[in-house]
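Report on the following structure.
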Amino acid sequence: MAVAEFHHDAPDRLRHACALVARLYAQGRQVWIHCDSDPLAARLDQMLWLFEPLAFIPHVREGHPLSAQTPVRIGRDPSAAPAEAVLLNLAGDVPVGFEQRGHIIEIVGRDPADRDAARARFVRYRQSGFDMQTFKAEADHT
């Protein structure tokens, strides 16, 4: 069964995303980080380089020549994501083709508008038959 994880109450969504990506990479998982804007993708790209000073999380932006060999990819087109990759959604809406994904992670901040949008995504995943899991972000990765 497909899984949708919601990490709620994150004080810093991008920092929490970096922590999750580091954990997934350490587990040998592939990750597609879905962004809905180039500035967001660029900011996350920079944060992954600086997140853990002594750690290396190999990642590239969508369209990079080494995309196929890199375990962590950042992009705007989820159809370019490998089928087995965990899809970390940082966009405001559900990703196109989400029904074909086996594992989606959502990070919900403390902003009321972010929470409202996340509730709508939660309902959409649940209606599509995903196994819903929730975690308090602060307890997991800060």
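Points to keep in mind about this one:
- A helix-only calculation puts the chain at -10500 deg cm²/dmol for mean residue ellipticity at 222 nm, using -39500 (n - 2.57) for each DSSP H run of at least four residues, averaged over all residues.
- Translational diffusion of the range 1-74, estimated by Stokes-Einstein from the Kirkwood radius over alpha carbon pairs at 25 °C in a medium of 0.890 mPa s, is 188 µm² per second.
- Our summary gives the chain a relative contact order of 41 percent, counting only alpha carbon pairs under 8 angstrom and 6 or more residues apart.
- Kirkwood Rh, angstrom, the range 31-112 [1 / mean 1/r, Cα pairs]: 13.2
- Taking only the alpha carbons of the range 3-141, we obtain Rg and Dmax values of 13.9, 42 Å in that order.
- The spacing between the range 107-125 and the range 47-82, judged by their C-alpha centroids, is 25 Å.
- Restriction of the GluC sites (Glu not before Pro) in the range 7-113 to DSSP coil positions whose beta-carbon has at most 11 other beta-carbons within 10 angstrom yields GLU84.
- Sorting 69-78, 16-25 by their mean Cβ neighbour count within 10 Å, with the most densely packed peptide first, gives 16-25, 69-78.
- Take 88-97, 115-124 and order them by the average number of nearby Cβ atoms within 10 Å per residue, most first; the result is 88-97, 115-124.
Taken together, the values in this text are just the output of simple stated rules run on the coordinates, not laboratory data. It should be emphasised that the depicted structure is a prediction, and the values quoted were computed from it without experimental measurement. Heads up, the Cβs are rebuilt from the backbone with ideal geometry, glycines too, and the neighbour counts pull from every protein chain shown.
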